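Undergrad: Take this structure first; my questions come after.
The values are calculated or read from the model by the stated rules, or taken from the named source; none is laboratory data. The model shown is predicted, which means the values in this text are computed figures rather than measured ones. Glycine also receives a Cβ, built like all others from the backbone with ideal geometry; neighbour counts cover every protein chain displayed. Keep in mind that these areas ignore ligands, DNA and RNA; they rest on the heavy atoms of the full protein, side chains included. Shrake-Rupley method; radii C 1.70, N 1.55, O 1.52, S 1.80 Å.
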Amino acid sequence: MQRKKLPIGIQTFREIRENGHYYVDKTPFALRLIDQGKPYFLSRPRRFGKSLFLDTLKELFEGNRALFEGLHAEHHWDWSVKHPVLRLSFGAGVLKTAEDLAASLHEQLSAYEALHGLPPEVPDIRGRFKRLIRGLHEKLGQRVVVLVDEYDKPILDNLTEPHSRPSLAFAGSAPPGASPDRARVMREGLRDLYSVLKDADAHLRFVFITGVSKFSKVSLFSGLNNLNDITLDPEYSALCGYTEHDVDTVFAPELAGLDRERVRRWYNGYNWMGEAVYNPFDLLLLFQKRQFKPYWFETGTPTFLVELLAQRQFFTPDLARLQTTEALLSSFDVDHIEPEALLWQAGYLTLRGVETGRSGQSLYTLGYPNAEVEAALNEALLPLLGPAARPAAQARYRLDQALDAGDMAAVEAALRALFASIPHDWHRNNPLAQFEGFYASVFYSHLAALGLDTRVEDATNKGRIDLALRLGDLSRPSLASAESAHPWASRVYLFEFKVVEQVPDGRALAQLQAKGYAEKYREPGVTVTLVGIEFSREQRNVVGFEVAEG
């Protein structure tokens, strides 16, 4: 079977349909949303197909039936009715001032006035937008559809300006003489724009707003109190992204020669309270290039996020299993950004579970969506934990080889080299080094950056293991081509960490043995190794390294 073209990058719904690309049918979601008729808001990470879904909605309302041949909507949509559509987007370019924002909006509104033969009215953005909606309804006899893409980009583009870094402001160390906060200026301009949607409700058929972040309704949508936030609606968890079924059916021709389980572990796992999905950008590039790489992560280095985590002295193993409340997840604004909210909304963590107490309050468990994000984010975090880049990369390579071979002397040597690569001045000037979790953070991030199958605080019936590491067929998808296989037998390493002043006392290995942690992992063909590691505060390195068979 000849493969169809793969749409890489940003393309419109029309381009994909007309050029014979694969297309995953999201029209059942679209029709369901339209039928309910409420104004909607959806937050999803970058490059997840949000713009493509808005294109789908636009083509539906404009009645372009030919683009929907063979899709669910073809026979379930009234093609005789066409609605005027205003599709606003802030995705292009970077807006730095209120004047830039106004110019972008005037340009977009002017284009729609010209398209429909309406006279331009330019008192201000709010008034012009309101007159355009009303004018389209009166002229065409159908209520207007408003679709807003990248609604938050003008704010996000300015959050990392040197004069307005929340990471600095949180620490009370904003630079003296800071300029006015551009992010706040953008927020106020956008809030004024979005307030029109509430006032124009009688002229609107459908409203859909989407972006990366989930700003609080109070800060940005205070005038739009009927907005239905479907970000965490289980019914729409798979609205953007590809499901397992999509991959196994629509993309079946592309799976030949790929390790299907490795594809799943490396790229699946994003979840918003419902069905898990793959990031489309990753999968399409995997199918094209046939190599497992962090394609999505590499499109935007999260410098601001990494600095914020380091400044907050975040214990990096916690990122694999982080518990928080819905209030904290939604606590995102120019003046207040919790790391948990930033990690989740940007797509570096996803929902792993939820527990609801008798009071109705829910506790959410977050974790990495997949191996790509865990490996790439920890590699980005390592320099802020102290290890110099080149020696750390060399130590990581040696550690990977030693773990594969079961050469524990080489594992110990690689760890010592890693911690020895941290400059003395870094310890002296960085408060992270004073915390016991610092040593475990460095070691964990070192392993995670290899794309290894790590389990932090893995629970057994005797307690929790500091770190479990499994090596096997799924252990290193980042280090080989997609078609290769790994012949080695499975190994499991169980690590326990202790921090001592100077002299090791053997408590780390003793705890592993006393608790019988190895019992959970014993099975035919699996070698279990117990490793007790003790770090010295004074020597700032490994001083105790004991090994036993499990």
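Undergrad: Just the number please: accessible area per residue for the chain, 1.4 Å probe, all protein chains included, in Å².
TA: 41 Å²
Undergrad: List the lysines whose Cα sits under 28 Å from the Cα of K4, skipping any in the same chain fewer than 8 residues away.
TA: K26, K50, K58, K289, K293
Undergrad: What residues have an amide H closer than 5 Å to that of R87, excluding those fewer than 5 places away on the same chain, when H is modeled at 1.01 Å from N in the peptide plane?
TA: Amide H neighbours of R87, under 5 Å, 5+ apart: L147.
Undergrad: Can you list the lysines whose alpha carbon is less than 21 Å from that of K515, not counting same-chain residues fewer than 8 positions off?
TA: K462, K498
Undergrad: If you don't mind, another one. A256 to T12: FRET efficiency via 1/(1 + (r/R0)^6), r the Cβ-Cβ distance, R0 35 Å, to the nearest 0.05?
TA: 0.75
Undergrad: Here's another thing I want to ask about it. Order of 498-504, 242-248 by packing, highest average Cβ count within 10 Å first?
TA: 242-248, 498-504
Undergrad: Still on this structure, I have one more. Be a star and scan the range 403-425 for residues whose amide nitrogen sits under 16 Å from the point 7 Å along the Cα-to-Cβ vector of R390.
TA: 418, 421-423
Undergrad: In degrees between 0 and 90, to the nearest 10, how far off the longest principal axis of the chain does helix 125-140 point, with axes built from Cα atoms?
TA: 60 degrees
Undergrad: Give the angle, between 0 and 90 degrees and rounded to the nearest 10, that separates the Cα long axis of helix 389-405 from the longest principal axis of the Cα atoms of the chain.
TA: Long axis of 389-405 versus the principal axis of the chain: about 70 degrees.
Undergrad: How much of the accessible area of the chain, in percent, comes from carbon and sulfur atoms when a 1.4 Å probe is used?
TA: Answer for the chain is 50 percent, counting heavy atoms of protein chains only.
Undergrad: Now a separate question. About the Cα centre of the chain, what is the dipole size in debye to 20, counting +1 per Lys and Arg Cβ and -1 per Asp and Glu Cβ, all else neutral?
TA: In debye, rounded to 20, the chain gives about 520.
Undergrad: Computed over the Cα atoms of the range 253-402, what is the ratio Rg over Rh, Rh following Kirkwood?
TA: 1.00
Undergrad: Can you tell me how much longer the chain between D78 and Q142 gets when fully stretched, taken as 0.36 nm per residue apart minus their C-alpha distance, in nm with one decimal?
TA: Stretched fully, the D78-Q142 segment lengthens by 21.7 nm.
Undergrad: Can you order the peptides 420-430, 194-204 by their average number of other Cβ atoms within 10 Å per residue, highest first?
TA: Answer by packing, highest mean first, reads 194-204, 420-430.
Undergrad: Ok, one more. Can you give the angle from 0 to 90° between the axis of helix 182-199 and the longest principal axis of the chain, with both taken from C-alpha atoms, to the nearest 10?
TA: 50 degrees
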